[in-house]
Each structure stands twice: as C-alpha cells, then as structure tokens.
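**Student:** Structure below; questions to follow.
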Amino acid sequence: MLLQQSYMFEIMEKEDFEEVVFSQDKANNLKVIVAIHDTTLGPALGGTRIWNYRSEVEALKDVLRLAKAMTLKAAAAGLNLGGGKAVIIGDPGKVKSEALLQTYGRFIQSLGGRFITAEDVGTTVQDMKIIRTETEYVVGTKLDPSPFTAYGVYRGIKACLEHVYGDKSVEDIHVAVQGLGKVGGELVRLLFESGAKVTVTDIDKDKAKRFLKMGAEYVEPSRIYSVECDVFSPCALGGVINDSTIKRLKCRIIAGGANNQLESEKHGDLLAEMRILYAPDYIINAGGLIAVAHKLQYGKLSKENIF
Ligand code: NAD
C-alpha cells in the first residue's frame, strides 16, 4: 500500500505531530513506526508496543493516538517530558527475538534522544534490557512501571467511588476488569485485597485461571461490556468504548489502565449523557510514567514517594 505524503502531512499538521519515523529490517522481521508528538516539555517518552496489527494503517493510527496521549499524560502529571510512542508490527510470540530488539535499539539510538522508550503491550522489562545493550534511550530496565500504573488506577477507582457514591468503599463494589496482563492482573490483586467483587476476562483464558482461584468470576471477552457492575475497568487495548459497546454498558463508572479507551471524543459526550463517570485514561493510568520519570530524575523511588 502506498501512503501518499499529502495524507501523512495532513494528519501530522492537524494533530501537531513533530515527527513520524518508519524503519524496517527484513533480516530480523523488524517493521517499526515511532511517532514523536510534542517535545516542548522535554524528550518524548513512550512505550514500545508489539502487536499483530491487521494492517499498516491500523498500526499507524494506533501509534499516532498513543503518542498524542503521552503528551497529555506527561503534561497533566507535571513532568518534564514530551509524548511519543513506538509500535512494532507483528505477533510478539512470533516476531520478537534478541536480534529484532537489538536492531530496534540501534534505531532508537539513531534518533539521538528525542525519543526515550519503555515497555508496553507485548514487551517486558527483559526486552528493555536487550534494547539497552544498543541504546541509552530506554527506561524501565530495572523497574517495571506496571504495578505503579495499576496502583494509580486503583486509587483512581477510589476517587471515582467518592465522586459518584460519596461513602461507598471498595469492599462494597463490583468491578469488571478487561485484560489480565501486567496492569489488569495487578489491579485485580489490589481489588481482591480490598474485598471487592471482581469479574474478569482476557482473550488468553489461561491468564484468568489464577484469578478464578482467588474467587473472581470469568466471562467471555465479548460479554464484559454488559456485566452489571459499579466499575468497568478496561485494561487491555484502546478504542473499547465505541458505537457497538457503549449501548451495552451497565456500569456507573469507567476507570481503567488502557490507553485511548474512547474510540472518539463523541463517545465521551455520550457517556456523560448516560451519566456514566469516565476517568480520563491519560490521568488515571499515569502512575507508571510518573514512576519512570521519578527514577530518571532521582535515580530511586518507592510507591510511597510517588503517590
Ligand atoms: P499486557 O500486554 O501485559 O496485557 C494486556 C492484556 O490484555 C493481555 O493479557 C491480553 O491478552 C489482553 N487482551 C488483549 N485484547 C483483549 C480483549 N479484546 N479482551 C480481553 N483481553 C484482551 O499490557 P499491560 O502493560 O497490562 O497494558 C494494558 C493497557 O494499559 C494497554 O492499553 C497499555 O497501553 C496501558 N498502559 C500500560 C501501562 C504500564 O505501565 N504497563 C501504563 C499506562 C498504560
């Protein structure tokens, strides 16, 4: 497929993107797009996502939306960082290799520090360590930001409860969690610790098993939207609040860790009309970024000194 330059520049101008860089390395199966949205406040920091996109256009749309959200997230959290993101196209279980990550690391290095990366969906702390062998512009090699993200989401849920119900505590609520990865899994653990009722789902059913042992209920991925609950917590991918899902929601609050939960701005207005409180993703899921920024600045951190 040929992407016309006029198409790319139109998008970049409209959304104020500074730079979008494509790179490929056939020998190592690397196809990557890095989007640098805004570096006014500092270098663009954003995770590297490896995902089996259905098309290059889908990957491009994802990286652009994610990068812009990172600008908002860093600014809202008061950090001296800009917004960027990287996506590597491919099934992480198939394309990810040491050689791919090293080649990718060299590419990040070539950007000269305008983009600093970290883990995201499809990448791990171990992957960041491999990338680190080729570039200094990577964080999260010693620190997994996910527990901090999850803790921020947990605290955000509590703030939403206070806003909607006044004095209802976590032990009296029912939360439906979509996605049981690094963030969703830790969030479920925190919710259980506080005595909440939890319904979970994941496209990888094996991940759900350990939560069923804790007492969670499981529903098929397509049924999570219609679970009658206090809080729906999207912790998988973006765009989950859309024309087809919004009609099925039976919750009072949406508060989760996933980036770009609303497919478009109009879905935020619709939620307000439906009197469903929506915790903006780039605020509620900023815990991991705050932790990483703190580590960059001070060299050490603990949950206590960032929350
Ligand atoms: P992860 O890859 O560890 O987990 C994602 C999980 O979602 C996987 O278990 C996957 O199987 C599941 N999933 C994917 N599609 C699904 C679907 N349709 N239905 C149900 N489950 C599905 O990723 P993560 O690090 O936990 O991140 C989750 C979300 O939070 C992403 O949107 C990410 O961008 C966002 N986020 C993560 C962090 C962080 O610190 N890790 C920080 C901010 C935002």
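The values are calculated or read from the model by the stated rules, or taken from the named source; none is laboratory data. A quick note: this is a predicted structure, and the numbers were derived from the prediction, not measured. Backbone-built Cβ (ideal geometry, glycine too); neighbour counts: all protein chains shown. Side chains are part of the model used for accessible areas, which takes the heavy atoms of the whole protein and leaves out ligands, DNA and RNA. Shrake-Rupley method; radii C 1.70, N 1.55, O 1.52, S 1.80 Å.
**Student:** Just checking, which of Leu191, Leu180 is of a type in the set (A, V, I, L, M, F, W, C), more than 19 Å from Ala279 (Cβ to Cβ), in the same structural domain as Val231 (by TED's automatic domain parsing) and in contact with a strand residue (DSSP E or B) (Cβ under 7 Å, 6 or more places away or on another chain)?
**Tutor:** That would be Leu180, the only listed residue that is of a type in the set (A, V, I, L, M, F, W, C), more than 19 Å from Ala279 (Cβ to Cβ), in the same structural domain as Val231 (by TED's automatic domain parsing) and in contact with a strand residue (DSSP E or B) (Cβ under 7 Å, 6 or more places away or on another chain).
**Student:** Then there's this: Among the residues of the stretch 44-100, how many are open to solvent by 10 Å² or more (accessible area, probe 1.4 Å), closer than 21 Å to Val125 by Cα and of a type in the set (S, T, N, Q)?
**Tutor:** Here the count works out to 2.
**Student:** Please indicate, with yes or no, whether at least one residue in the stretch 72-81 is assigned by TED's automatic domain parsing to the domain that holds Gly122, in contact with a Pro (Cβ under 9 Å, 6 or more places away or on another chain) and not in a loop (DSSP other than H, G, I, E, B).
**Tutor:** Yes, the stretch 72-81 contains a residue that is assigned by TED's automatic domain parsing to the domain that holds Gly122, in contact with a Pro (Cβ under 9 Å, 6 or more places away or on another chain) and not in a loop (DSSP other than H, G, I, E, B).
**Student:** Quick check: is even one residue across the stretch 78-93 more than 20 Å from the chain's Cα centre (by Cα), within 14 Å of Thr48 (Cβ to Cβ) and either more than 15 Å from the ligand (Cβ to nearest atom) or acidic (Asp, Glu) (or both)?
**Tutor:** No - not one qualifying residue is present in the stretch 78-93.
**Student:** Tell me, yes or no, whether the stretch 138-147 has at least one residue that is more than 14 Å from the ligand (Cβ to nearest atom), closer than 29 Å to Leu41 by Cα and open to solvent by 50 Å² or more (accessible area, probe 1.4 Å).
**Tutor:** Yes, the stretch 138-147 contains at least one residue that is more than 14 Å from the ligand (Cβ to nearest atom), closer than 29 Å to Leu41 by Cα and open to solvent by 50 Å² or more (accessible area, probe 1.4 Å).
**Student:** What single numbered condition from (1) within 9 Å of the ligand (Cβ to nearest atom); (2) open to solvent by 70 Å² or more (accessible area, probe 1.4 Å) fails to hold for Glu228?
**Tutor:** So the condition that Glu228 fails would be (1).
**Student:** Could you list all residues from the stretch 175-206 that are touching a Ser or Thr at 6+ places or on another chain (Cβ under 7 Å) and either open to solvent by less than 10 Å² (accessible area, probe 1.4 Å) or more than 9 Å from the ligand (Cβ to nearest atom) (or both)?
**Tutor:** Val175, Ala176, Val177, Leu187
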